[in-house]
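Right, I'll just put the structure down here and ask away after.
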Amino acid sequence: MTRPSIGLLVVGQAPRPALLAEFRHVLPEAAADIQVMGALDHLDEAGLAAAAPTGDGDTLYTTLPSGRSILLSKKAVTEGMGKRLDDLAAESIDVAIVACTGRFPSLERAGVHFASDLVSGAVEACLPRSGKLGVFIPTPSQAEACVARWNRSGRECHAIPLQPDADDATITAAAEAMAAAAPDLVIHDCISYTRASRQLAAKIHGKPAILAAAICARFAAELSGA
């Protein structure tokens, strides 16, 4: 029996060992083939440097294959994503996911699923009417957009900066700040966050917590039949 094939489009470059490990926790190698492509695979170091954000509203966080974290221009990423989606369309992919919790309305097309939509669905299901939502975000510059995205009538959003590659001491401090906000639900709102950081933070803030990568992996498993 042929294994299902899942395509992941990341905002930076492939490969993404840490992200793949999060997906493999849900989808072991025997269950599915996973192909990772990067929106900026065509760029060298100079090109990545030139793709720096032009402002807070143009900022995306990503982890490079080396493990180094950088900030990228959403405009540059969106242009690259369009090309990679064309590449994915030429492959025999059962499920295609844009693995970024940022929103890309100009890239919507049939058969492509966005992490932002999957995570939004999970939050709406878990906190449908009112309450406090705690959101971990990679950089302070994303706080305003985060609050604007998640606030609803009756729902209050608290954005806490936490870089996905932070050490335990930094995670602990951010989780303590989250605990002080007393949310009803917490979301790690970047595909680069890991189960390890989620588990450490949850021990401190003590609230139900959603990991973006896990939501995407479980969706891919269900939709592909893996």
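The values are calculated or read from the model by the stated rules, or taken from the named source; none is laboratory data. Because the structure is a prediction, the values reported are computed rather than measured. Quick reminder, even Gly has a Cβ in these numbers, built from the backbone with ideal geometry, and neighbours come from all protein chains shown. Just the protein is used for accessible areas: all its heavy atoms, side chains included, with ligands, DNA and RNA removed. Shrake-Rupley method; radii C 1.70, N 1.55, O 1.52, S 1.80 Å.
Filter the range 59-86 for residues that are in a helix (DSSP H, G or I) and out of contact with any Leu (no Cβ under 9 Å at 6 or more places or on another chain); which is most open to solvent (accessible area, probe 1.4 Å)? Steps first, answer last, please.
To start, the set of residues in the range 59-86 that are in a helix (DSSP H, G or I) comprises 74-86.
Narrowing further to those that are out of contact with any Leu (no Cβ under 9 Å at 6 or more places or on another chain): 75, 79, 83, 86.
Working: Lys75: 143, Glu79: 113, Lys83: 110, Asp86: 90 Å².
By that ranking, first place goes to Lys75.
Which condition from (1) at pLDDT 95 or above; (2) assigned to a strand (DSSP E or B); (3) under 17 Å from Cys126 (Cβ atoms) is the one that Pro183 breaks?
(2)
I need the full set of residues from the range 189-212 which are in contact with a Pro (Cβ under 8 Å, 6 or more places away or on another chain) and either closer than 20 Å to Thr63 by Cα or in a strand (DSSP E or B) (or both), in order please.
Of everything in the range 189-212, those that are in contact with a Pro (Cβ under 8 Å, 6 or more places away or on another chain) and either closer than 20 Å to Thr63 by Cα or in a strand (DSSP E or B) (or both) turn out to be Cys190, Ser192, Tyr193, Thr194, Ser197.
Can you find, within the range 104-117, the residue that is farthest from Arg16 (Cα to Cα) among those that are open to solvent by 30 Å² or more (accessible area, probe 1.4 Å) and modelled with pLDDT of 90 or more?
Per the stated criteria, the residue is Asp117.
To continue, here is another question. Among the residues of the range 89-103, how many are of a type in the set (A, V, I, L, M) and either surrounded by fewer than 19 Cβ atoms within 10 Å (Cβ to Cβ) or closer than 14 Å to Ser192 by Cα (or both)?
4
Among the candidates Asp56, Asp44, single out the residue that is more than 30 Å from Leu223 (Cβ to Cβ), without any contact (Cβ under 8 Å) to a residue 12 or more places away in the chain and out of contact with any Phe, Trp or Tyr (no Cβ under 8 Å at 6 or more places or on another chain).
Going through Asp56, Asp44 in turn, just one is more than 30 Å from Leu223 (Cβ to Cβ), without any contact (Cβ under 8 Å) to a residue 12 or more places away in the chain and out of contact with any Phe, Trp or Tyr (no Cβ under 8 Å at 6 or more places or on another chain): Asp44.
Of everything in the range 94-122, what is closer than 18 Å to Gly7 by Cβ and free of Cβ contacts under 8 Å to residues at least 12 places away in the same chain? Give them in sequence order.
If the condition is that a residue be closer than 18 Å to Gly7 by Cβ and free of Cβ contacts under 8 Å to residues at least 12 places away in the same chain, then Glu108, Ala110, Asp117 are the ones that fit.
List pairs: first residue in the range 166-195 and free of Cβ contacts under 8 Å to residues at least 24 places away in the same chain, second residue open to solvent by 40 Å² or more (accessible area, probe 1.4 Å) and not charged (D, E, K, R) anywhere in the structure, Cβ distance under 8 angstrom, at least six positions apart or on different chains.
Thr170/Gln163
So which residues in the range 142-162 are open to solvent by 40 Å² or more (accessible area, probe 1.4 Å), under 18 Å from Leu71 (Cβ atoms) and either touching an Asp or Glu at 6+ places or on another chain (Cβ under 9 Å) or at pLDDT below 95 (or both)?
Glu144, Ala145, listed by residue number.
Filter the range 21-58 for residues that are open to solvent by less than 20 Å² (accessible area, probe 1.4 Å) and aliphatic (A, V, I, L, M); which is nearest to the chain's Cα centre (by Cα)?
Ala39
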